[in-house]
Every structure is written in C-alpha cells, then in structure tokens.
1. Could you list, in sequence order, the residues of the range B:173-183 that are in contact with a strand residue (DSSP E or B) (Cβ under 6 Å, 6 or more places away or on another chain) and over 14 Å from B:Glu221 (Cα atoms)?
2. Give the residues of the range B:126-141 that are in contact with a Leu (Cβ under 6 Å, 6 or more places away or on another chain) and without any contact (Cβ under 8 Å) to a residue 24 or more places away in the chain, sorted by residue number.
3. Tell me whether the range B:241-257 contains one or more residues that are at pLDDT below 90, in a loop (DSSP other than H, G, I, E, B) and basic (Lys, Arg).
4. Out of the residues in the range B:103-121 that are within 12 Å of chain A (Cβ to nearest Cβ) and part of a strand (DSSP E or B), state the one that is farthest from B:Val192 (Cα to Cα).
5. For a quick check of your reading of the model, give me the residue pairs whose first member lies in the range B:69-84 and is farther than 15 Å from B:Thr17 by Cβ, whose second is of a type in the set (Gly, Ala, Ser), with beta-carbon atoms closer than 8 Å and at least 6 apart or on different chains.
6. Being charged (D, E, K, R) and over 21 Å from A:Ile36 (Cβ atoms) is the filter here, so list the residues in the range B:65-82 that pass it.
7. Which pairs turn up if I take residues in the range A:5-24 that are at positive phi and look for partners that are at pLDDT 65 or above with beta carbon separation below 6 Å, at least 6 apart in sequence or on another chain?
8. State which residue is farthest from the chain's Cα centre (by Cα) when the search covers only the range B:43-87 and only residues that are among the small types (Gly, Ala, Ser) and buried (at least 17 other Cβ atoms within 10 Å of the Cβ).
Amino acid sequence: MRAMTVASRQGQYLDRPSGGGLVEVIDLILDKGLVIDVYVRVSLVGIELLTIDARVVVASVDTYLRFAEAVNRLDLARSGTETRGLPGMMEEIREGGAEHKTKGVLEGVKDTVGNVLGGGEGDEEEDEGEREVEHEEHPQGRSRPMSRKDRQR
Amino acid sequence: MCACYVYGVVRESDTATALGDLPAVGNPNAPVTFVPHRAIAAVVSEIPTDRPLGAPEDLQAHARVLNTLAAAEAPVLPFRFGTVVEDAQSVAENVLASGYDAFVAALERLKGCAQFTLKAQYNQEAVLREVLDERPDIVKLREELEKLSGEAGYYQRIELGQLVAEAVAAKGDADAALVQKCLAPSAVATAVSESSSEDGLVDASFLVEDARRTDFEEAAEDLARRLHGRLRLQLLGPLAPYDFVANAMGDRGEEEG
C-alpha cells in the first residue's frame, strides 16, 4: 500500500502507479489466469477460501443507506469543494500531510485484505478515522461505500 | 516438504529474462526459475507446503513475476494464483506436455502484446452533485427526508439511497462506454470487469500491441484530461494478459464462470 502511494509515475492527468499496491494486485489477479487439472495440483489450505470469499457480492440495504447518507451530507450551498476531489486528497496522502484523512482509506484496504484472506485485522470500527474530518470532506471519505469491500459483506 | 509453484508459461527463448532477484511466492529466498519443455517453459519457484498461501506478499510476488515478464516483452500465459504442482518433473509432464499445442498457440497469439488495465473511480461528491442536478425527484425526496427524524425516515432513506445508487450506476455505464470508445481503437481486444457498473467504477482491460503502446497511452491521457474533476483514472501496465489468456487458449468455460 505504501509503495503505491509513494512510487507513482504521474502523467499530467493520468495516474500511473508502479503497480505493487495490494488492492490493485487483488483486482488484477484474483480469479484470473489459467487453471490446470485438479488432479495435478497440490492443494494448499487457504487458497480455495480466498477465491470463494472474494466472489461474494451483495447489493444490500446497507449500501443504499450509505448512498442516502452521502447524498444527504452534500451541502448544496457549498460548491467550492468539488474541484478538490480525490486527486487532491491523494496528493495530500503522498505528501504525508494528512494522516487523519488517510486513515479511513488505509483502514479500508486493511479491511479488504482481512476479509479476503480471512485475517484478523479487519475488525476495527470503519468510521473511526472519519469522525474528525471536516464536514465538506465526508463525501470523499465516503467513497468507500461504493467499493468492493462493502459488497463482500 | 517442498512443491513447485507455477506462475505461468513462456516461450523457451524467453527463459533468459532476469527474474532471479524477484521474491518468490511463499518463500522470498527461493529463486524464480524455469522448467523447459521443447519450445516452451514454465516459470516456477520452490514453495514449502506446510503453510497456507494468500498473504499479501504472496499475491504481490505472483503479480510481480508475471508483470516483469510482460514488461520485458516476453509473452506469458499467467496461471491462476495458487497453482502448485508436486515437482518440476510433474510440471513438465503433466502441465507442459499435456497442454503443449494449446500453450504454443496461445503464446503465438499474445506475442507482441501486453495488457493495460484502466481503473476509473468517481469523485463521489462531483458525481452526486451531477445526480442532484439532473434528478429533481431525488432532490425532492432528499428535502422531504430532512424533515423526518432518523427512525421515521428509514424506508424513505432506503428509497433515496436506491435511487441514487441506480443513477450512479447508470452514469457508470455511460462512462464505461466512453472509455471503450476512446481506448478500444488503439487496442487489439478489450475486457470490462464485472464490478464496473455496480459501484460506479469502471474497470477496463486492454490488450495493446507493443507498436501501438504510445498511441494507447496518449489516448488514455487524453481521456483522463476530459474526465478530470469527476473521474480519477489510473492506468496499470504493461501487465501480463490476465484478462485475455483464457480467450487466447480458446477455452472460456472455466474462466468466465
């Protein structure tokens, strides 16, 4: 994760990460690639679980509630914030100057990995890092409601 | 006890590609080597069988080995993460020999191409504002909801969220189509991942010829400029052809589920 945020090759508008980020890797390789005959394969504990977990996709009431929350939080009177967006936020993460903002994002990653790999680190309250964030930043912090992580639940 | 982790299959002529320094799956100190068989070779490393696979570094090591081959312009057929075979002899006999013709044909098809994957993520605030601008019914429902207390508005909140989620998904479809329209002309083949429309993200993979790589990258940069502010675009690559290998093998059944 750290590698992804530090070692990015930046186009003018296009982000060219150098590729080692765990989330990207999971998206890229999970369930992809050639499968050989089962009888040749040596099975190792853990692998079957991993692919099954990652396949669970749930579009739930929870998701809808989070969308409602996000749209409710949007302050219509305030329009100056929309230019900042995620790229701006990522910039700050790279510069290491906004720890309280990165926490939500990083927590999300840990959570994803925890879920996928059956590890034990995904139990922390997911909103924890976002409470101190100013009002106008919530919609970005809440971009996770639309993420893969939530659909796994 | 040790077994043989298999990353993928390359041409025998590409086995000089430097991989020795890369950490191997399951055992960072094991060298990544090749098991040759006639004109092809499997990319392998030794792996202990006494512990489960699936740590983050295992996944990253798998991808790094395959992507390093792709970056060196060596055509490679990636295997699914977690492919482990008893030993090198079994790799040669049961994997390479038994699938020989199909491997050779697929390597020929993928020669001179690499995968690029474009990940698009909405600036959620910008896209929600678009939804509100375009949908007076959603604005109205939102205003009604403000008057209700949390408990009382439960079902209205679900309804509001569902409308918004659907509107965002529709935008995802439209934007995915735009991405295809702009980038597909510079690619040999495209694949859109199933996650794209559900969460408003567009994930699209492109098989790009080495000779047209600059065209493709320019088109992607151009697209990122057009969408700047509402979508953040990330381009990964060159990568091993994870999304195209099944097609190249002429066997879609198991891969597409």
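The values are calculated or read from the model by the stated rules, or taken from the named source; none is laboratory data. These numbers were taken from a predicted model, which means no experiment stands behind them. Because the Cβ atoms are built from the backbone with ideal geometry, glycine has one as well, and the counts that use them run over all protein chains shown.
1. Across the range B:173-183, the qualifying residues are B:Asp175, B:Ala176.
2. B:Val139, B:Leu141
3. Yes.
4. Only one residue tops the list, namely B:Gln121.
5. Hits for this filter: B:Phe79/A:Gly33; B:Phe79/B:Gly8; B:Arg80/A:Gly33; B:Phe81/A:Gly33; B:Gly82/B:Gly54; B:Thr83/A:Gly33; B:Val84/A:Ser43; B:Val84/B:Ala3.
6. Step one: list which residues in the range B:65-82 are charged (D, E, K, R), which gives B:73, B:80.
The one that is charged (D, E, K, R) and over 21 Å from A:Ile36 (Cβ atoms): B:Glu73.
7. Within 6 Å, the pairs are A:Gly19/B:Leu236.
8. Ranking the candidates gives B:Ser45 first.
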